[in-house]
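Enquirer: One structure follows; several queries about it will come next.
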Amino acid sequence: KVGAGRGHALRMISYAQNFEDAMLWRSLKDVERGCYVDLGAQDPVIDSVSLWFYEQGWRGVNVEATPAYAQALRQARPDELVIQAAVGERRGLVPFFDIPDTGISTGDESVASEHRARGFETRRIDVPCLPLSDVLDRVQAVEVHWLKIDVEGMESEVLRSWTPSKV
């Protein structure tokens, strides 16, 4: 049981893979209608760090390079911004390795090769890429309460693309 804040107890359903949503909620439960940025959002339900917050009235920006997951996010959360792109230092199209029906698709060819060696089907596609600063510039909220970066081996590049922005 996780406290809901504001004098109410609330039972929490954790959708995240490692209870990241529960840990964040413990710190942010008193924030009403907060904002998040979820890079590598993947599925709108399975392993979702943002779904619990969405159910509590929060809204955010979801960034997902895998076309099928980006479409699923748009359908499940029509009132949120979903950006179908990779995030990194280069603008324009970049190679991306889609590993269907998993959360392990990647823009890192060496990570994709490891998954292929373990028997996963990988499909190379080209996806748009933009820097993290561009993503943050599209946030409509005054304040972002949490940012998740789960991009399967590309985390350092994402952080390097975070140049000054209003967020």
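Enquirer: Which of the helices (runs of 4 or more DSSP H) contained wholly in the range 19-132 include at least 1 residues that are under 13 Å from the mean Cα position of the chain (by Cα)? Show your work before the answer.
Expert: Details: elements: 20-28, 51-55, 67-76, 109-117.
Where helices (runs of 4 or more DSSP H) fall fully within the range 19-132 and carry at least 1 residues being under 13 Å from the mean Cα position of the chain (by Cα), they are 20-28, 51-55, 67-76.
Enquirer: Still on this structure: In the list A141, A112, which residue meets the criterion of being modelled with pLDDT under 95, over 16 Å from A41 (Cα atoms) and crowded, with 17+ Cβ neighbours inside 10 Å?
Expert: A112
Enquirer: Quick check on R91: is it basic (K, R), over 15 Å from E152 (Cβ atoms), open to solvent by 40 Å² or more (accessible area, probe 1.4 Å) and touching a Leu at 6+ places or on another chain (Cβ under 8 Å)?
Expert: Numbers: basic (K, R): yes; over 15 Å from E152 (Cβ atoms): yes; open to solvent by 40 Å² or more (accessible area, probe 1.4 Å): yes; touching a Leu at 6+ places or on another chain (Cβ under 8 Å): yes.
In short, yes.
Enquirer: When you look at I104, is it open to solvent by 20 Å² or more (accessible area, probe 1.4 Å) and hydrophobic (A, V, I, L, M, F, W, C), yes or no?
Expert: Values: open to solvent by 20 Å² or more (accessible area, probe 1.4 Å): yes; hydrophobic (A, V, I, L, M, F, W, C): yes.
Spelling it out, I104 is indeed open to solvent by 20 Å² or more (accessible area, probe 1.4 Å) and hydrophobic (A, V, I, L, M, F, W, C).
Enquirer: Return the pairs, sorted by first residue and then second, in which the second residue is among the hydrophobic types (A, V, I, L, M, F, W, C) and part of a helix (DSSP H, G or I), the first residue lies in the range 123-147 and is under 27 Å from P100 (Cβ atoms), the beta carbons are less than 6 Å apart, and the residues are 6+ apart or on different chains.
Expert: L132/V158
Enquirer: Further question: For the range 124-147, which residues satisfy the criterion of being in contact with a Phe, Trp or Tyr (Cβ under 7 Å, 6 or more places away or on another chain) and basic (K, R)?
Expert: Hit for the range 124-147 is R124, nothing else.
The values are calculated or read from the model by the stated rules, or taken from the named source; none is laboratory data. Because the structure is a prediction, the values reported are computed rather than measured. Cβ: placed from backbone, ideal geometry, glycine included. Neighbour counts: every protein chain shown. For accessibility, only protein heavy atoms count, side chains too; no ligands or nucleic acids. Shrake-Rupley method; radii C 1.70, N 1.55, O 1.52, S 1.80 Å.
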